[in-house]
Amino acid sequence: MKKHPLEQWGSMVASKKGRILTLVFWVLLVTALSFAWPQINSIESESGKNLPSTEMSEQAATIIAEQFPNEAGTPLLLVWHRENGLTTDDFGVIQKIYGELTDKPLAHQTLIPPYDQMPTQAIAASASENSTTIVTPVFFEKGLATDVLQESLNALTKTMDEYNVQTKKDLASDVLHIRYSGPVGIATDAVSLFSKADTKLLMATVLLVLVLLIIIYRSPLLAVIPLIVVGLAYGIISPTLGFFADQGWIAKDSQAVSIMTVLLFGAGTDYCLFLISKYREILFEVEDKTTAMKLAVRESGGAILMSALTVVIGLATLSLAHYGAFQRFAVPFSFGVLVMGIAALVVLPAILVLIGRVAFFPFVPRTEAMAQRKGKKQNKPSHKTSHKIGHFVTHKPWIVIVATLLLLGGLTVFVPRIQYTFDLLSSFPEDMPSREGFTLIEENFSPGELAPIQLVIDTKGNDINLQQQLASISYIDSVTDVQIGEKNNHIQLYELTLNINPYAKEALAHIPELKAEVGKMLETEGIKKADQHLWIGGETASQYNTQQITVRDETVIMPTMIALIALLLFIYLRSLTATVYLLATVIISYFSALGAGWLILHHVMGAEAISGAIPLYAFVFLVALGEDYNIFMISEIWKKRKTSDHLTAVEEGVVRTGSVITSSGLILAGTFAVLATLPIQVLVQFGVVTAIGVLLDTFIVRPLLVPAITTILGKYAFWPGALFKKDI
């Protein structure tokens, strides 16, 4: 009789020669790649464009760069502040520091205003109305790497220290403070924040997984083995992604790498536990460890491959996004899970067979004959709790379905109440220097001055001046004099200051209103198809475009991902019915997680709004990872149904997978929850929502809702597959 392909694979990697060759080959490959290619974390993080060039704000930026060139460079905003009001001596310090910057420019410094030559009164006139704050710029060359800019800021900080200007002290203290903000300050702070987050995240994740594995399995070796496998997988993933980034095939995104680390330890440990659990189960029946592994790979390999493939394809759909940050997540995530899935079926079997039963010490699994020979207990798990849950679900399915849907449905009620923000700076800690500087500007100057709206129009040669008309708009605070394009005198630029925070949700809503109003003005001036001859740029317009493109990406990626996973499920299970309800349950779980996440983030953690990117990120992860657990359990039901009646198969499916999925879910939720310890709000929000979603899948959807639905459907759960024709 011909062996199953997975059984043949198990025989190959678990044999005496196979296990040694497998481990030697993998270790040599890790070593070779580590020396040949750079690690992903050693690659300079690129800011990367998030918006396509076809978006209005990007088109406006292109026209402005061409028609109104600014050779000054990229600005660093120096935000000077004294709580009780700036003094004459403070303005004198500003003059002296700018004098030093004139005599000894910072590396890559291009331009500074001549504050050292101005009278003190002239500088004081630029301060805020309450005289507590003044903002002065320093310009640097465009396109510099953040580490180069950071070196210049370090040198500037030394100068500040010499003049006793405080860069870190509490702003409430009555001394002269300085905060670096603007594009340069924000960029360097962001990279610094993510670089610190990487190390903290990795250490916290490894420690958490190790502790949870020891608590759950009470076996020191068994706790370490999955971590070794994940580490060996990461040894392939990191240099390969580093090579991709070094070649320019992908853009390295620090945020993506941070979350990828969590995903690898969470999902990777899950795949390892799926195989370990099956291997231990078989070791109670089969004495030879090689034969046991061969059977374990055959029994669980299909579910592991299918689970990994589901996550890989699900995460790869992010490549369909138009928003750059979403695109940059696709390759690291999908490639990482692919390698991790391979490692779970290549490296893990070799290590487990090499170590043997001692891997489970002190609760060593033995056959009855082995236990009798050694005079020891069999240590076979009883699964009492899982048996009770399985029995209850199969005998009271309607109660389970109604109760779980009421709980999940109740949480989804809060989804429409969620407030979203597209402001990157709001993700930073409140005490981060660039954000503190930004807050000082916001509190002490007109809100709109933070980020003026840039309105570009093409007059088509008509004599047009819209300054007065624009100034009369209710939400506009002021309008600069019209500027005429250098290369095309038909192009005009107006800078508009809003009378509200330019990053607020209300400000974003004014962008389409402004475009419509300006369009009417131009049509009145005789310009046809006016909307094709005006562009709105600046931060507010950019955030509005981000909001719109995020909606577009959600409407494309979510249904595409559902369709692809549905196809995979149908191919694997041969059941249209199961495909539908398995997908439906994880989608319900996703919306419940979003609602529960908002309750915690808003009412417990005090967040006014969450990042607009969270719904798509959470959807991609929760649907893909949630389907993992469904696949593992439902495949067990499908196997049992071949030899048992329907209720027994469902109950056994719950029992056989209960402990492993519960422990896997706790570990995966825990690793995502680690993100909530970081100082980056978008990662905190993502971690909270995803961890809740995983817990809902682990304790509500997988052990209760899915088996209850399977019970109710009876043979129709398998329609139109071969099991549908089997007698109940």
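The values are calculated or read from the model by the stated rules, or taken from the named source; none is laboratory data. For clarity, every value in this text was computed on a predicted model and none was experimentally measured. Here the Cβ positions follow ideal geometry from the backbone for every residue, glycine too, while neighbour counts run over all protein chains shown. Note: accessible area is taken over every heavy atom of the protein model, side chains too, but ligands, DNA and RNA are not part of it. Shrake-Rupley method; radii C 1.70, N 1.55, O 1.52, S 1.80 Å.
One table, with the values for the structure above:
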item	result
Test for THR480: is it at pLDDT 90 or above and open to solvent by 20 Å² or more (accessible area, probe 1.4 Å)	yes
Residue under evaluation LYS168, criteria (1) modelled with pLDDT of 90 or more; (2) open to solvent by 70 Å² or more (accessible area, probe 1.4 Å); (3) under 32 Å from the mean Cα position of the chain (by Cα), criterion not met	(1)
Unique residue being assigned to a helix (DSSP H, G or I), within 26 Å of SER11 (Cβ to Cβ) and not basic (Lys, Arg) when the list is LEU227, LEU273, LEU241	LEU273
Matching entry among ALA541, ALA593, ALA607 (being within 15 Å of VAL694 (Cβ to Cβ) and in contact with a helix residue (DSSP H, G or I) (Cβ under 6 Å, 6 or more places away or on another chain))	ALA593
Residue in region 675-686 that is closer than 27 Å to ILE276 by Cα, open to solvent by 10 Å² or more (accessible area, probe 1.4 Å) and touching a residue at least 60 places away in the same chain (Cβ under 8 Å) present	no
Residues of region 208-243 that turn out to be out of contact with any helix residue (DSSP H, G or I) (no Cβ under 7 Å at 6 or more places or on another chain) and aromatic (Phe, Trp, Tyr), as a count	1
Of the criteria (1) of a type in the set (Val, Ile, Thr); (2) free of Cβ contacts under 8 Å to residues at least 24 places away in the same chain; (3) touching a strand residue (DSSP E or B) at 6+ places or on another chain (Cβ under 9 Å), which one THR643 fails	(3)
Subset tally (residues that are among the small types (Gly, Ala, Ser) and closer than 22 Å to LYS725 by Cα) for region 629-675	4
Residue, modelled with the highest pLDDT, within region 128-149, restricted to residues that are in a loop (DSSP other than H, G, I, E, B) and open to solvent by less than 20 Å² (accessible area, probe 1.4 Å)	THR132
Subset of region 446-463 [farther than 20 Å from LEU508 by Cα and open to solvent by 10 Å² or more (accessible area, probe 1.4 Å)]	ASP458, LYS460, GLY461, ASN462, ASP463
Every pair of residues 6+ apart whose Cβ atoms lie under 7 Å, when the first sits in region 308-330 and is without any contact (Cβ under 8 Å) to a residue 12 or more places away in the chain while the second is open to solvent by less than 10 Å² (accessible area, probe 1.4 Å)	GLN327/LEU318; GLN327/ALA321
The one condition in (1) at pLDDT below 90; (2) open to solvent by 10 Å² or more (accessible area, probe 1.4 Å) that VAL660 fails to fulfil	(2)
Close pairs from region 88-110: first under 23 Å from LEU144 (Cα atoms), partner aromatic (Phe, Trp, Tyr) and assigned to a helix (DSSP H, G or I), Cβ under 6 Å, at least 6 apart	TYR98/TYR115
Failed item, numbered, when ALA541 is tested on (1) of a type in the set (A, V, I, L, M, F, W, C); (2) touching a residue at least 60 places away in the same chain (Cβ under 8 Å); (3) farther than 19 Å from GLN492 by Cα	(3)
Residue selected from region 523-536 under the condition more than 41 Å from the chain's Cα centre (by Cα) and part of a loop (DSSP other than H, G, I, E, B), by the criterion surrounded by the fewest Cβ atoms within 10 Å (Cβ to Cβ)	LYS528
Any chance VAL580 is under 16 Å from LEU616 (Cβ atoms), surrounded by fewer than 17 Cβ atoms within 10 Å (Cβ to Cβ) and β-branched (Val, Ile, Thr)	no
Neighbours by Cβ (under 6 Å, 6+ apart or cross-chain): first from region 130-148, on the phi > 0 side of the Ramachandran plot; second assigned to a loop (DSSP other than H, G, I, E, B)	SER131/GLY85; SER131/LEU86
Matching residues in region 503-522 - criterion: being open to solvent by 10 Å² or more (accessible area, probe 1.4 Å), within 26 Å of SER427 (Cβ to Cβ) and either among the polar types (S, T, N, Q) or modelled with pLDDT of 90 or more (or both)	ALA509, HIS510, PRO512
